[in-house]
């Protein structure tokens, strides 16, 4: 009995560590994921109960997605695929999150309260990092900060992890959880706190200077208001236009960053997209093998030699599916995405968690046009966590 309780507690701790690791440490994420997976499997074996897996409404599309990506690895010419195995199994965590929220219903309240704290923490970190407040005194606090290209006086805020885009998405997660609960709340005092927390997230996302995060946030927020109230949608559009117009007028760095949102200013990214298409044409059905882009790129481009500082990834989730897992992989993901939207559509006006999951998944799909969102734990885990939570309510 004592061993069973220890495994059950480890399962809850693994879930918490995985979520908190998004904001405090990449190492904590991986420790949490390992503990979450092992304790979950052990708990399933101990209870001889795996209904949480095969009876979950998301089981068919997730299983199909995992199967298609695995097939791309098996059918591909030899390449280092150890990292691919870990990434292919990541969607499985959706079921673990769903089971965790069923076992620990209080987890929803804990998640909500932690989002409030993390919103103010994330906003503060973003502003201080962007202005370099602590860089002079604590240069090792985060070695991944680098200057904003259009304005050397500012930095791209990256939180306590590694990348401004992923940091931006974790703040989008907080923003939509808090926004959806604000829209469902009927307590004025609570609304004030939530609106302040949302504002902190918004400021944090702005100071990441991630254009993909900006677009994802704007589009997903507009869609939320369109679903909830068309008048609120029009008001949000007007406020958004006025807000960004004011930023562009008073803060040149924001205007310059927005102006660089075009192909001519992103030639290396455009070249990576061309390489992705070449890989797809070479193996259109099952692709080059999932997570093989960096290994295969020398066969299709001289970019690693001509531009050694360029990150060797597609910077596009959909093109990555095409290049590394072919049409089968992309269609499997699109089927999963369609299932998610259909599953959530009937719950948007009754559950704040479903509304936030809908908004975060929308941001995920939009941001995927500018980065490999499915392939990064900071962008995939938030989606799996929220979908698992909504699944646990069924």
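When the scattering of the chain is computed by the Debye formula from its Cα atoms alone, each counted once and equally, what is log10 I(q)/I(0) at q = 0.11, 0.12 Å⁻¹?
-0.83, -1.00
Neighbouring Cβ atoms within 10 Å as the yardstick, rank 208, 161 fewest first. Walk me through the intermediate numbers first.
On the way: 208 29, 161 20.
Lowest count first: 161, 208.
Sorted by mean Cβ packing within 10 Å, highest first, what order do the peptides 290-296, 270-276, 124-130 take?
Working: 290-296: 22.7, 270-276: 19.0, 124-130: 21.1.
So the peptides 290-296, 270-276, 124-130, ranked by packing, come out 290-296, 124-130, 270-276.
Could you check the simple spin-label distance between residue 274 and residue 31, using points 7 Å along Cα→Cβ, in nm with one decimal?
Result for the modelled spin labels: 4.6 nm.
Every number here is computed from the coordinates shown, using simple stated rules; none is lab data. Everything numeric in this text was worked out from a predicted model, so none of it was measured. Positions of Cβ are backbone-derived with ideal geometry, glycine not excepted, and every protein chain shown enters the neighbour counts.
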